[in-house]
1. Give the residue list of trypsin sites (Lys or Arg not before Pro) in the chain that are DSSP loop and have at most 12 other beta-carbon atoms within 10 angstrom.
2. Please determine, in degrees from 0 to 90 and to the nearest 10, the orientation of helix 69-84 with respect to the longest principal axis defined by the Cα atoms of the chain, where the helix direction is its Cα long axis.
3. If you put +1 on each Lys and Arg Cβ and -1 on each Asp and Glu Cβ, how big is the dipole of the chain around its Cα centre, in Debye rounded to 20?
4. Of the residues ALA20, ALA70, ALA29, which exhibits the maximal mean-square fluctuation in a Gaussian network model of the chain defined by a 10 Å Cα contact cut-off?
5. Relative to a virtual label point 7 Å from the Cα of GLU51 in the Cα→beta-carbon direction, which members of the stretch 14-29 show backbone nitrogen distances below 19 Å?
6. Do you know the Lys pair count in the chain for C-alpha distances under 17 Å, with sequence separation 8 or more or different chains?
7. Check each of the chymotrypsin sites (Phe, Trp or Tyr not before Pro) in the stretch 1-66 and keep only those in coil by DSSP with at most 15 other C-beta atoms within 10 angstrom; list them in order.
8. Using Cα pairs closer than 8 Å and at least 6 residues apart in sequence, work out the relative contact order for the stretch 5-84, in percent.
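Read-outs throughout are calculated quantities, based only on the coordinates presented, and are distinct from any laboratory measurement. Just so you know, these numbers come straight off a predicted model, no measurement behind them. With ideal geometry, Cβ positions are generated from the backbone for all residues, glycine too; neighbour counts draw on all protein chains shown.
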Amino acid sequence: MVITYGTRTLFKREGAWGHAICKNCGHDAPQTLCRQLDQVTLFFIPIVSLEKQRGILCESCGMIVPLDKAEYKRRREARQKAALF
Ligand SMILES: [Zn+2]
């Protein structure tokens, strides 16, 4: 019997956070609130998800500027309120 297992990295995007000049690549690129999850898979089905980091993702180069949990939550709620109006 062959057991297929592995890992994968998932970027869960939770909304746009405007444009900014990235410190890494220097492009004026869209920024996105996102969480990086590492998942353990069994037969390509995610079994365990571990949050590696959360922050603001540069859509140009993929660098994540990390945010602490409270700051990330505050920004996510502010974005959700902005989406209502
Ligand atoms: Zn960048």
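1. Working: sites: ARG8, LYS12, ARG13, LYS23, ARG35, LYS52, ARG54, LYS69, LYS73, ARG74, ARG75, ARG76, ARG79, LYS81; in loops: LYS23.
Qualifying residues, ordered by number: LYS23.
2. It is inclined by approximately 70 degrees.
3. Details: 14 positive and 8 negative charges, 52 e Å.
Using Cβ point charges on Lys, Arg, Asp and Glu, the chain gives about 240 debye.
4. ALA70
5. Output list for this probe position: 14-17.
6. Values: LYS12/LYS52; LYS12/LYS69; LYS12/LYS73; LYS52/LYS69; LYS52/LYS73; LYS73/LYS81.
Lysine pairs meeting the criterion: 6.
7. Working: sites: TYR5, PHE11, TRP17, PHE43, PHE44; in loops: PHE43, PHE44.
In loop regions of the stretch 1-66 (DSSP not H, G, I, E or B), the sparsely surrounded chymotrypsin sites (Phe, Trp or Tyr not before Pro) are PHE43, PHE44.
8. 26
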